[in-house]
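Following: one structure in C-alpha cells, then a few remarks.
The values are calculated or read from the model by the stated rules, or taken from the named source; none is laboratory data. Quick caveat: nothing in here was measured; it's all calculated off a predicted structure. Using ideal geometry, Cβ is built from the backbone for each residue, glycine included, and neighbour counts are taken over all protein chains shown. Just so you know, the surface numbers come from the protein's heavy atoms only, side chains and all, with ligands and any DNA or RNA stripped out. Shrake-Rupley method; radii C 1.70, N 1.55, O 1.52, S 1.80 Å.
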Amino acid sequence: MKLRAIQLDNIRQFDAKSMRISDLSDGLNVVAEPNEFGKSTVFDALHALFFARFGSASREVRALQPARALGAVRIMAEVEADGRRFRIEKRFLSGRMARITDLSPGGGVVAQDDGAEAWLSRLIGSAQEGPAGLLWV
C-alpha cells in the first residue's frame with residue numbers, strides 16, 4: 001500500500017477547515033513546517049484512520065476534535081494498492097461512518113461501515129496494534 005494523499009476536516013487546529021497533503025510520491029516525502037502547524041496532528045489522524053474503528057469514541061479519537069468546535073471529525077486518505085487507487089474515509093463522533101471508494105475509472109463504493117473496516121484490516125494485514133510499516137517521526 002502506498003499513501004498518495006491525506007485530508008483532514010474539523011480536526012484540532014483545523015476546526016471548521018480542511019487540510020490536504022496531496023501528490024505524495026514513491027520514496028521519501030518530507031512534511032516540514034514550524035512548530036504548531038499540525039504535523040503531529042496529521043500522524044495522529046492517520047493512526048486513527050487505520051487503527052480506530054469508525055464507531056470509536058476513545059480518548060485518542062476525542063483528542064482529535066477541535067477544542068472550539070464540535071461535530072464530526074473526518075479523515076480521508078488516498079492509497080494505491082494492487083495497482084488501483086482507493087479513498088479510505090472515516091467520520092468519527094458525529095454521523096459516524098467508514099467508506100472505501102475505488103477511484104479507478106468505473107469504480108465506486110467498495111465497502112461501507114463494518115465492511116470498510118474489514119476491507120481495511122485485510123489491506124494492512126495482521127499488524128492491528130501499530131503503524132504497520134508506516135514511518136512515524
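Loop-only check: which GluC sites (Glu not before Pro) in segment 29-85 are DSSP coil with at most 16 other Cβ within 10 angstrom?
Details: sites: Glu36, Glu60, Glu78, Glu80; in loops: Glu36.
The qualifying sites are Glu36.
Would you mind working out the magnitude of the charge dipole of the chain relative to its Cα centre, with +1 at each Lys and Arg C-beta and -1 at each Asp and Glu C-beta, to the nearest 20 Debye? Before the final figure, lay out the partial values.
On the way: 19 positive and 17 negative charges, 69 e Å.
That gives a dipole near 340 debye.
So what is the relative contact order of segment 1-84, in percent, for Cα pairs below 8 Å that sit 6 or more residues apart?
Details: 108 pairs, mean separation 41.4, N = 84.
Relative contact order of segment 1-84: 49 percent.
Taking all protein chains together and a probe of 1.4 Å, list Val109, Val30, Val42 from the most accessible to the least accessible. Show your work: numbers first, answer last.
Numbers: Val109 85, Val30 115, Val42 15 Å².
My answer, sorted largest first, is Val30, Val109, Val42.
At a Cα cut-off below 19 Å, give the aspartates and glutamates reachable from Lys39, other chains included and same-chain residues fewer than 8 away excluded.
Asp9, Asp15, Asp23, Glu60, Glu78
Would you mind working out the accessible area per residue for the chain, using a 1.4 Å probe, and quoting it in Å²? Before the final figure, lay out the partial values.
Working: 7700 Å² over 137 residues.
Each residue of the chain exposes 56 Å² on average to a 1.4 Å probe.
Taking the Cα centre of segment 55-119 as the origin, how large is its charge dipole in debye, to the nearest 20, when only Lys and Arg (+1) and Asp and Glu (-1) carry charge on their Cβ atoms? Walk me through the numbers before you get to the answer.
Values: 11 positive and 9 negative charges, 86 e Å.
It comes to approximately 420 debye.
Summing -39500 (n - 2.57) over the DSSP H runs of n ≥ 4 in the chain and dividing by its residue number, what mean residue ellipticity at 222 nm do you reach, to the nearest 500 deg cm²/dmol? Display every interim value, and only then the final one.
Numbers: 3 runs with 28 residues, N = 137.
That comes out to -6000 deg cm²/dmol.
If I take the Cα coordinates of the chain and project them onto the principal axes, what are the three extents in Å, biggest first?
So the three principal-axis extents are 39, 33, 30 Å.
Tell me which trypsin sites (Lys or Arg not before Pro) from segment 8-60 have a DSSP coil assignment and no more than 12 other beta carbons within 10 Å of their own. Don't skip to the answer; put the middle values down first.
Working: sites: Arg12, Lys17, Arg20, Lys39, Arg53, Arg59; in loops: Lys17, Arg53.
Those satisfying the criteria are Lys17.
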